[in-house]
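Have a look at the structure below before the remarks.
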Amino acid sequence: MHASVHLLADAPAQLLPARELMAFTLASHIILVPLGVALPFITLVMHYLGLRRNDATALLLARRWSAVMAVQFAVGVITGTVLSFEFGLLWPGLMGRWGDVFGIGFGVEAWAFFLEAVLIAIYLYGWRRLKPRTHFLLGLPLPATALLGAFGILAANSWMNTPQGFSLDPDGNPVDVDVWKALFTPMFGPQYWHFVVAMVLTAGYMVAGVYAVGRLRGRRDRYHRLGFAVPFTIAAIATPVQFVLGDSIARSVFHKQPVKFAAMELVWKTDTRVPEYLFGQLHPDGSVTGGIKVPLLDSFLAGFSANTEVVGLTSVPADERPTPAQATIAHWAFDLMAGIGSVLVLLALWYGLVWLRHRRLPASRWFYRGAACAGIASVVAVECGWIATEVGRQPWIVYRNMKVAEAVTSTRSTTLWITLGVVIVVYLFIFGSLLAVLLKMRARWRLADEERAGGRPGHAPEADGPYGPRTPVPEGSAAGGSKAASEDGRP
């Protein structure tokens, strides 16, 4: 029997359902994270343009985006809180032994979450109730609090990848915690900036994609042009920056977590002149089948020389490295992320070249088809990035200090599987409700715009007060508004 089969047989029964539960809730939560981190910044850019140019369309877009920002933040509170509880419930070994060290980051994130909730409430309340300049200035701290929240989470995660800032007593427990070193680990800088720029470009493509769909359905008014141009420009600027940062973090993994790098690149034995595999599958005997083999490229990418030595998976015992299946998963996730990033760079270059040459938006329908897909593609890339990070670190939950099997709960595996089923049902309801609310908001906005365009004395949803009942949509108009919105893609 192969060593990897022995490892699976020795794993606690709770390990698989606990990992699946954590993976599902994290993958669900991360869909909302780009909007939570970067939508405040994109909204304030539009708000600034509206104030500077006295542009009513830009201010209307900023107002509506701020409403979306509040709705997704409310849902993000739910999914984020579930993750916080799961750390303690699913991984008591981790929190019980190491909580005093890496829990500092979670404390920072909690305070940032609280501040962001207060600032979003003030920003929403301030529309038409505060002086324009005062209202805008009160919104400026929002992106900073979002970045602070990301700081806390990435500080904790980077510590799990490169733990430091503590000493071990004779019983193996951490003592003499150095807060500064625990927060700013070797992987923190590369991970943080890679993450933040990923959130900015993903949110930009997600927002712009809505208006790209409207463009494809014939909506070419200024509302759609501006709604597309501002977030897409932000995303297009961030995309090549992210490509450089992605290369930087890959080199950091190569130096700081060589076994994870070996898993992500399917390197079995330590060697020089190592080929690069695009996709492919690693087998227990170290062979790779499928995919595309590019000679020498892995060594060259790692150290700018074909003679660069790359550490292989067999450099450590079998119980201290990812299994071949886990390595293949991490490798595919990494390749998908890099592939999507490369395509987005081409899309950003297309946009930039047209703008520099003609000072206008691209006219090609193929460009807008690509822009409409870019938001979904970038979310997939974010998911793949986390998969590569977490699966590639296996079997460690704290790199070279604690294994995942040592941290897992003692709760019966059957209970964990039932919990996973319940969580899936609840999350389907939560995200279905989010979609229903957003569609309802779009229908109201579409109806108000149609009434204004037709010269009718319509009631704009933005005129409603912060408390009390909302102005009802005329009977029959909501369905019609939803249908019209679905026909032209207008938010």
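The values are calculated or read from the model by the stated rules, or taken from the named source; none is laboratory data. Since we're looking at a predicted model, the values are computed, not measured. Every residue, glycine among them, receives a Cβ derived from its backbone with ideal geometry; neighbour counts consider all protein chains shown. Surface accessibility is based on the protein's heavy atoms, side chains included, excluding ligands, DNA and RNA. Shrake-Rupley method; radii C 1.70, N 1.55, O 1.52, S 1.80 Å.
The listed residues Asp271, Asp449, Asp178, Asp285 rank as Asp285, Asp271, Asp178, Asp449 when sorted by accessible area, largest first, using a 1.4 Å probe. Of the accessible area of the chain, computed with a 1.4 Å probe over protein heavy atoms only, carbon and sulfur atoms account for 66 percent. Helix 413-453 and the longest principal axis of the Cα set of the chain meet at an angle near 20°. Scanning the chain for chymotrypsin sites (Phe, Trp or Tyr not before Pro) lying in DSSP loops with no more than 13 further Cβ atoms inside 10 Å, the longest uninterrupted stretch between such sites is 1-303.
In the context of the full set of protein chains, the chain has a per residue accessible area of 47 Å² (1.4 Å probe). Among the protein heavy atoms, those of His255 account for about 130 Å² of accessible surface (1.4 Å probe, every chain in place). Overall, the chain carries a charge dipole of about 2680 debye about its Cα centre when +1 sits on the Cβ of Lys and Arg and -1 on the Cβ of Asp and Glu, all other atoms neutral.
Distance distribution P(r), the chain, all Cα-Cα pairs, bin width 20 angstrom from 0: 21, 52, 25, 3 percent. Across the options Gly189, Tyr205, Phe243, the greatest Cα extent toward the positive end of the charge dipole of the range 184-267 (unit charges at beta carbon of Lys, Arg, Asp, Glu) belongs to Tyr205. The number of Lys pairs in the chain with C-alpha atoms less than 19 Å apart, excluding pairs fewer than 8 positions apart on the same chain, is 7.
Amide H contacts under 5 Å for Met402: Ile397, restricted to partners 5 or more places along the chain or on a different chain, H placed in the peptide plane at 1.01 Å from N. Helix 365-392 versus the longest principal axis of the chain: what is the Cα-based angle in degrees, 0 to 90, to the nearest 10? Approximately 30 degrees, to the nearest 10.
Simple rule: put +1 on each Lys or Arg Cβ and -1 on each Asp or Glu Cβ in the chain, find the dipole, and look at Phe304, Val380, Tyr351; the Cα lying farthest toward the positive end is Tyr351.
Compared with the dominant principal axis of the Cα atoms in the chain, helix 56-90 is inclined by about 30°. At 1.4 Å probe size, with no ligands or nucleic acids counted, give the accessible surface of Lys440 in Å², nearest ten. Only protein atoms counted, so the area is about 100 Å².
Over the range 173-312, what portion of Cα pair distances is larger than 20 Å, expressed as a whole percent? Considering the range 173-312, 63 percent of its Cα-Cα pairs are separated by more than 20 Å. The H on the amide N of Asp271, modeled in the peptide plane, is under 5 Å from the matching H of Val310, Gly312, each at least 5 residues off or on a different chain.
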